[in-house]
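Structure first, commentary second.
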Amino acid sequence: QVQLVESGGGLVQAGGSLRLSCAASGSIFSINAMGWYHQAPGKQRELVAVTATGGSIIYADSVKGRFTISRDNAKGTVYLQMNTVKPDDTGIYFCSARLWGNTYWGQGTQVTVSS
């Protein structure tokens, strides 16, 4: 299993940038995919971006061209560079890791975008 710890959230003005980080510990070399999910206030958790060990990446349509996910497999870390943020990007961002058929979650980091 793995443990995930996110960091980098905070308050940012619309149009600004923010970089989220997630550090995994434990069986990091067994991780198949790592990603980021967003939970807006009162809404369900939704996929933002995910990257598999082989290098494939999927983005939600709402963040294409604005957010970039990157990963350091050797360190077990995943990043989310958030550019041109919008008020709708406000919410809790959760890091996820998938290995051995199970999905693990971090505790989340709050991002607030002011208009």
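Taking each residue of the stretch 61-72 that is without any contact (Cβ under 8 Å) to a residue 24 or more places away in the chain and looking for partners that are open to solvent by 70 Å² or more (accessible area, probe 1.4 Å) with beta-carbon atoms closer than 6 Å, six or more apart or interchain, yields Arg66/Thr84.
Has the stretch 75-98 got any residue that is without any contact (Cβ under 8 Å) to a residue 40 or more places away in the chain and within 16 Å of Val2 (Cβ to Cβ)? Break it down stepwise before answering.
So the first thing to find is which residues in the stretch 75-98 are without any contact (Cβ under 8 Å) to a residue 40 or more places away in the chain, and the list is none.
Checking the stretch 75-98: not a single residue is without any contact (Cβ under 8 Å) to a residue 40 or more places away in the chain and within 16 Å of Val2 (Cβ to Cβ).
For Ser115, indicate whether it is within 20 Å of Gly10 (Cα to Cα), in contact with a helix residue (DSSP H, G or I) (Cβ under 7 Å, 6 or more places away or on another chain) and not aliphatic (A, V, I, L, M). Yes; evaluated as a whole, the condition is true for this residue.
Return the pairs, sorted by first residue and then second, in which the second residue is assigned to a strand (DSSP E or B), the first residue lies in the stretch 18-47 and is on the phi > 0 side of the Ramachandran plot, the beta carbons are less than 8 Å apart, and the residues are 6+ apart or on different chains. Within 8 Å, the pairs are Gly26/Val2; Gly26/Gln3. Scanning the stretch 83-115 for residues that are under 17 Å from Gly26 (Cβ atoms) and aliphatic (A, V, I, L, M) yields Ala97, Leu99.
The values are calculated or read from the model by the stated rules, or taken from the named source; none is laboratory data. Everything numeric in this text was worked out from a predicted model, so none of it was measured. Positions of Cβ are backbone-derived with ideal geometry, glycine not excepted, and every protein chain shown enters the neighbour counts. Surface areas here come from the heavy atoms of the whole protein model, side chains and all, with no ligands, DNA or RNA. Shrake-Rupley method; radii C 1.70, N 1.55, O 1.52, S 1.80 Å.
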